[in-house]
1. Using the structure shown, decide if residue 200 is open to solvent by 50 Å² or more (accessible area, probe 1.4 Å), modelled with pLDDT of 80 or more and within 30 Å of residue 291 (Cα to Cα).
2. Within region 293-326, which residues are aliphatic (A, V, I, L, M) and touching a residue at least 40 places away in the same chain (Cβ under 8 Å)?
3. Give me the residue from region 1-14 that is touching a residue at least 40 places away in the same chain (Cβ under 8 Å) and not small (Gly, Ala, Ser) and, out of that set, most open to solvent (accessible area, probe 1.4 Å).
4. One residue is enough: does region 209-219 have a residue meeting the conditions over 26 Å from residue 144 (Cα atoms), touching a strand residue (DSSP E or B) at 6+ places or on another chain (Cβ under 8 Å) and surrounded by 14 or more Cβ atoms within 10 Å (Cβ to Cβ)?
5. Restricting region 118-167 to residues that are basic (Lys, Arg) and not in a loop (DSSP other than H, G, I, E, B), which is modelled with the lowest pLDDT?
6. If you take the residues of region 279-307 that are more than 19 Å from residue 318 (Cα to Cα) and surrounded by 17 or more Cβ atoms within 10 Å (Cβ to Cβ), which of them is nearest to the chain's Cα centre (by Cα)?
7. Do the conditions hold for residue 233, that is, is it under 27 Å from residue 140 (Cα atoms), buried (at least 17 other Cβ atoms within 10 Å of the Cβ) and not β-branched (Val, Ile, Thr)?
8. For residue 199, indicate whether it is within 26 Å of residue 138 (Cβ to Cβ) and touching a strand residue (DSSP E or B) at 6+ places or on another chain (Cβ under 6 Å).
Amino acid sequence: MPKTSARLLALLSLLQARRDWPGSLLAERLQVSPRTVRRDVDRLRELGYPIAAFKGPDGGYRLDAGAQLPPLLFDDDQAVALAVALRTAAATGAGIGEAAARALTTVRQVMPARLRHRVDALQVTAVERTGGRTQPQADPRVLLTLSAAVHAREVLRFDHSPAYVPAEADAAPAVRRVEPHRLVTWGGRWYLVAWDLDRADWRTFRADRITPRTPTGPRFTPREVPGGDVAAFVAARFQGSDTPGEWPCRGEAILAAPASEVAGHLRHGIVEEHGPDRCRVILGAWSWPGLAAELGRFDVDIEVVGPDALRDAFAHLARRYADAAGAGAGAEPDRP
């Protein structure tokens, strides 16, 4: 490649990497004079790249968005990252699988052979969880509408379909008025975190159940999500708690198994050695029966340390399991 062409590509790559570039820094990175940088910028402008100059002590250049999209430049790592993202887009729950597949075909066609081989070597198959329903896909147009309302800080009105409606009930969706705070993804689904104006509380709404209404409402001053961290707030809500990092039910027990065997099967909680072939487990869950069942799945002797609510949950499950075993055997179970 001629030296000038190689330098133009390097300059374009730098301009795409950050918003503002001082001219002196560009010259230093390219190992040329500021005058050469100016000439190369003019050449890129002739090719259709909208490069703006800004003045000041650190005057330099900025690659602006233009009315037409000129050819984009990606280095090898960026091109592969883009292809991987497009290939796995169907698993994001954003409903863009078909469009992403078309975009991947377009990108692949202009890749050099060495990159096509790397991309083609990555074969991904999305497997639905067995026995479960098909994961609902959010409408990309709805996601853009929600994101625009968040960015503009405008009150949003929408119809929100309930998760379950009995056959004999009215299936009409509820109309909600909210101050949209953030659009988040969790477990392959999209959610809108917002302040519900009618309920005066924070709520999370499934994006695939939202049908936006127009026009949007007035602008608002954003509130701070509880705790200040939207990721921690959403995680806490899915744990059934209002406090980030905490479960509504938390208990402690001693399991007759080594800590090394137990720790690998717990997604959260604390596991500590407690003598030979025993471990101490501190764990949280949605409910006390759920916590007892989580500990019981290890199929080892269990000693409940506390609280009493966990002991009561084990007793409750013991009676329920005894009833189930008796019913399965065709005999009337003994009741305490």
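1. Numbers: open to solvent by 50 Å² or more (accessible area, probe 1.4 Å): yes; modelled with pLDDT of 80 or more: yes; within 30 Å of residue 291 (Cα to Cα): no.
It is false that residue 200 is open to solvent by 50 Å² or more (accessible area, probe 1.4 Å), modelled with pLDDT of 80 or more and within 30 Å of residue 291 (Cα to Cα).
2. Selection gives 295, 300, 302, 304, 305, 309, 310.
3. Among those residues, the one meeting the criterion is 9.
4. no
5. 118
6. 284
7. On the way: under 27 Å from residue 140 (Cα atoms): yes; buried (at least 17 other Cβ atoms within 10 Å of the Cβ): yes; not β-branched (Val, Ile, Thr): yes.
When the stated conditions are applied, residue 233 passes them.
8. no
The values are calculated or read from the model by the stated rules, or taken from the named source; none is laboratory data. From a predicted model like this one, the values you see are computed outputs, not experimental measurements. Note: ideal-geometry Cβ built from the backbone for every residue, glycine included; neighbour counts use all protein chains shown. Surface areas here come from the heavy atoms of the whole protein model, side chains and all, with no ligands, DNA or RNA. Shrake-Rupley method; radii C 1.70, N 1.55, O 1.52, S 1.80 Å.
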